[in-house]
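**Q** Input: one structure, supplied below.
Values in this text are rule-based calculations from the coordinates and carry no lab data. Quick caveat: nothing in here was measured; it's all calculated off a predicted structure. A quick note on method: Cβ atoms are made from the backbone with ideal geometry, for glycine too, and the neighbour counts reach across all protein chains shown.
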There are 2 protein chains.
Amino acid sequence: MVAELKLDRCSINTATLGHRSPISTVIDMVARAGFGAISPWRRDMVGCDLKAVSRQIKHAGLGVSGYCRSTYFPAVSREEFARNVEDNRRALDDAAQLGAPCFVLVVGSLAGDNKSLGHARHQVEDGIGQLLEHARKVNVSLSIEPLHPMTAADRSCVTSLREALDLCELIDPENVGGVGVAIDVYHVWWDYAVKEQIARAGKNKRIDAFHVCDWLSPTRDLVLDRGMMGDGVVEIRQLRHLVEEAGYTGYVETEIFSNLWWSRPEEEILTVCAQRLLTEC
Amino acid sequence: MVAELKLDRCSINTATLGHRSPISTVIDMVARAGFGAISPWRRDMVGCDLKAVSRQIKHAGLGVSGYCRSTYFPAVSREEFARNVEDNRRALDDAAQLGAPCFVLVVGSLAGDNKSLGHARHQVEDGIGQLLEHARKVNVSLSIEPLHPMTAADRSCVTSLREALDLCELIDPENVGGVGVAIDVYHVWWDYAVKEQIARAGKNKRIDAFHVCDWLSPTRDLVLDRGMMGDGVVEIRQLRHLVEEAGYTGYVETEIFSNLWWSRPEEEILTVCAQRLLTEC
């Protein structure tokens with residue numbers, strides 16, 4: 001019982017456009033292209049009046065699917081760790097101001113010369129735990145995004161959906177809410193446990209966001225070589241069906257980091273995204 | 001109760017030297033450098049008399065830690081699949097001839113235009129299952145090597161130790177043997193379940209091989225940018241301790257695919273490997 005995707009259920013993550021035009025321009029472009037929502041980054045907000053941005057998004061008829069993204073938690077000192085946590089606390093306020101249902105956590109990993117993923121994971125758990133009460137208060141979910149294991153050293157010590165969900169349970173054992181997961185097909189498609197873990201996430205109401213793009217084969221860069229939906233090998237539609245069968249009713253958000261696409265005009269990227277969301281997702 | 005590593009417990013995988021000199025030269029270099037064993041590739045054997053190679057290895061005082069590696073199982077047709085299986089059956093005979101305790105399986109993944117990892121996994125299970133009886137007969141273990149998820153599209157649909165061990169249990173439910181795992185720190189270090197899965201592998205006597213190198217941060221190529229032990233972020237010694245606590249008594253094998261190292265003289269590579277095995281592993 002999974003419906004065909006419609007564009008008003010789709011969101012554009014602003015990173016997809018390469019953070020070139022100011023957010024006010026991007027909002028208008030995204031709305032004009034027919035999308036239902038936008039997912040802005042903190043870097044888009046530098047020098048902006050958040051109230052005005054929020055108002056413009058509403059007036060453009062757009063929803064907000066999420067707010068990107070956290071400062072990494074792991075740190076080499078207590079002071080740095082505390083600063084990272086406070087930085088994320090302020091970002092939660094901004095997410096609330098923008099009307100975002102979730103704040104996407106790319107959690108970070110090895111800090112300084114430390115080689116212990118266990119230590120990084122402990123700091124991540126600690127940091128998210130410290131934010132939980134505030135997240136609940138401002139009604140913005142802390143969405144842990146497991147990242148592909150190829151970024152385990154520098155970007156995310158949380159490398160699978162299973163691990164992200166285990167972390168949710170450690171932080172929120174009573175399943176009260178305020179912490180969940182952002183599922184990006186790019187990061188989880190390879191995992192043979194992905195089906196079972198999506199079902200688990202749904203049962204516990206943990207799916208805050210669903211991101212799409214594609215895995216190119218071969219992939220030439222560990223960060224900036226994501227593919228447009230349909231240009232790679234991921235069974236995107238099957239994954240969308242799984243999250244929706246698991247109860248997810250939110251937006252399907254396109255997030256593509258790609259030197260190739262960032263060399264193209266923003267309007268062209270939006271046009272191709274719109275086509276591919278309908279034919280490939 | 002984990003002992004300091006000694007060089008006679010260490011093996012050199014011939015890929016580490018870039019497959020430049022003929023195997024007869026490589027055998028002598030590895031022995032002269034003080035290593036206890038070698039792990040040759042099928043490509044090293046092209047045009048060679050396997051009996052003579054085997055004799056030379058023995059006379060050089062070297063053990064054989066494994067034989068690399070399988071033809072990918074997944075195929076676009078039944079005929080191709082059958083050829084892949086038969087190719088691997090012949091390689092098992094060669095492994096036996098060389099005195100290798102295991103034949104390393106890099107299992108392959110998506111074949112042709114197929115996007116189904118599930119289909120690839122089914123073919124892999126089928127193919128290994130077809131080889132099991134022969135592997136037992138020639139006394140060479142089929143060693144499934146889970147590969148890093150960044151190679152899930154093109155090289156290995158088996159992306160974690162958990163998955164490899166699940167596969168062993170599907171193929172050999174009574175745990176008779178003949179199928180196990182090759183654990184390479186490069187492929188498993190990121191996995192938060194690695195400790196528990198190494199213990200599980202040990203309990204079931206499934207650890208056939210233990211490979212070392214290092215994960216460089218940043219990594220610039222998905223295949224050919226492995227690091228020398230100590231140059232990256234992997235807690236190699238901790239992982240060695242885990243496999244040995246789990247009962248593994250075999251060689252510690254260095255396997256480094258690296259355009260950087262392959263540009264250096266083979267003797268230099270061996271010297272640095274020997275140093276780093278003792279100080280970093």
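**Q** How many partner chain Cβ atoms sit within 10 Å of a residue's Cβ in peptide B:106-113, on average, as a whole number?
**A** 1
**Q** Can you list, shortest first in nanometers, how far B:HIS19 lies from the same residue in the other copies, with each label 7 Å from Cα toward Cβ?
**A** Copy-to-copy label distances at B:HIS19, shortest first: 4.2 nm.
**Q** What is the Cα coordinate range of segment B:1-147 on the first, second and third principal axes, sorted by size from largest, in whole angstrom?
**A** The Cα atoms of segment B:1-147 stretch 47, 42, 31 Å along the principal axes, largest first.
**Q** What percent of all Cα-Cα pairs in segment B:154-281 falls in each 5 Å bin, counting up from 0?
**A** Spelled out bin by bin, segment B:154-281 gives 2, 11, 20, 22, 19, 13, 9, 4, 1, 0 percent.
**Q** Is the C-alpha gyration tensor of segment A:100-175 telling us rounded, prolate or oblate? Criteria: a/c under 1.5 is rounded; beyond that, a/b larger than b/c is prolate, otherwise oblate.
**A** Prolate is the answer for segment A:100-175, as a/c is 1.5 or above and a/b outweighs b/c.
**Q** Hey, can you rank B:188-199, A:77-88 by average C-beta count inside 10 Å, highest first?
**A** Sorting B:188-199, A:77-88 by mean packing, highest first, produces B:188-199, A:77-88.
**Q** Shielding of A:148-158 by partners, i.e. mean partner chain Cβ atoms within 10 Å per residue? Write down the numbers at each step before the final one.
**A** On the way: counts 5, 11, 8, 5, 9, 10, 4, 1, 1, 2, 1.
The mean count of partner-chain Cβ atoms within 10 Å per residue comes to 5.
**Q** Can you tell me the order of B:257-263, B:46-52, A:7-13, B:233-239 when each peptide is scored by its average per-residue count of other Cβ atoms within 10 angstrom, highest first?
**A** A:7-13, B:233-239, B:257-263, B:46-52
**Q** Something else about it: Lys/Arg Cβ at +1, Asp/Glu Cβ at -1, dipole of segment A:1-124 taken about the Cα centre: which of A:GLY108, A:ILE57, A:ALA33 is farthest positive-ward?
**A** Of the candidates, A:ALA33 comes out farthest on the positive side.
**Q** Next question, about the same structure. Setting aside same-chain residues fewer than 8 positions from B:LYS115, which lysines have a Cα under 23 Å from its Cα?
**A** Of all the lysines, those that pass the test against B:LYS115 - Cα under 23 Å, at least 8 places apart if same chain - are A:LYS195.
**Q** First measure r as the distance between the Cβ atoms of B:ASP126 and A:ASN259, then evaluate 1/(1 + (r/R0)^6) with R0 = 35 Å and state the FRET efficiency to the nearest 0.05.
**A** 0.30
**Q** Could you give the size of the charge dipole of segment A:1-55 about its Cα centre, using +1 on the Cβ of each K and R and -1 on the Cβ of each D and E, expressed in debye and rounded to the nearest 20?
**A** Approximately 120 debye in magnitude.
**Q** Under 15 Å from a point 7 Å along the Cα-to-Cβ line of B:LEU7: which residues of segment B:35-51 have their amide N that close?
**A** Answer for this model: B:35-38.
**Q** Could you sort the peptides B:200-209, A:138-147, A:90-99 by per-residue average Cβ neighbour count (10 Å cutoff), highest mean leading?
**A** Top of the packing list down: A:138-147, B:200-209, A:90-99.
**Q** Which whole number of Å³ per residue matches the convex hull of the alpha-carbon atoms in the protein assembly as shown?
**A** In the protein assembly as shown, the Cα hull volume divided by residue count equals 156 Å³.
**Q** To continue, here is another question. Between the alpha-carbon centers of segment B:201-230 and segment A:34-48, tell me the distance in whole angstrom.
**A** So the two Cα centres are separated by 40 Å.
**Q** Using the Cα centre as the reference, give the magnitude of the dipole from point charges on the C-beta atoms of the protein assembly as shown (Lys, Arg: +1; Asp, Glu: -1; all else neutral), rounded to the nearest 20 debye.
**A** The dipole of the protein assembly as shown has a size of about 20 debye.
**Q** A follow-up question, please. Rounded to the nearest 0.05, what FRET efficiency is calculated for B:ASP93 and B:GLU169 with R0 set to 22 Å and r the Cβ-Cβ distance?
**A** Approximately 0.25, to the nearest 0.05.
**Q** Can you list the lysines whose alpha carbon is less than 24 Å from that of B:LYS51, not counting same-chain residues fewer than 8 positions off?
**A** By straight Cα distance, B:LYS51 reaches B:LYS137.
**Q** Still on this structure, I have one more. Rounded if a/c is under 1.5, else prolate if a/b is larger than b/c, else oblate: which is chain A, with a ≥ b ≥ c the root eigenvalues of its Cα gyration tensor?
**A** Because its axes are fairly even, with a/c under 1.5, chain A counts as rounded.
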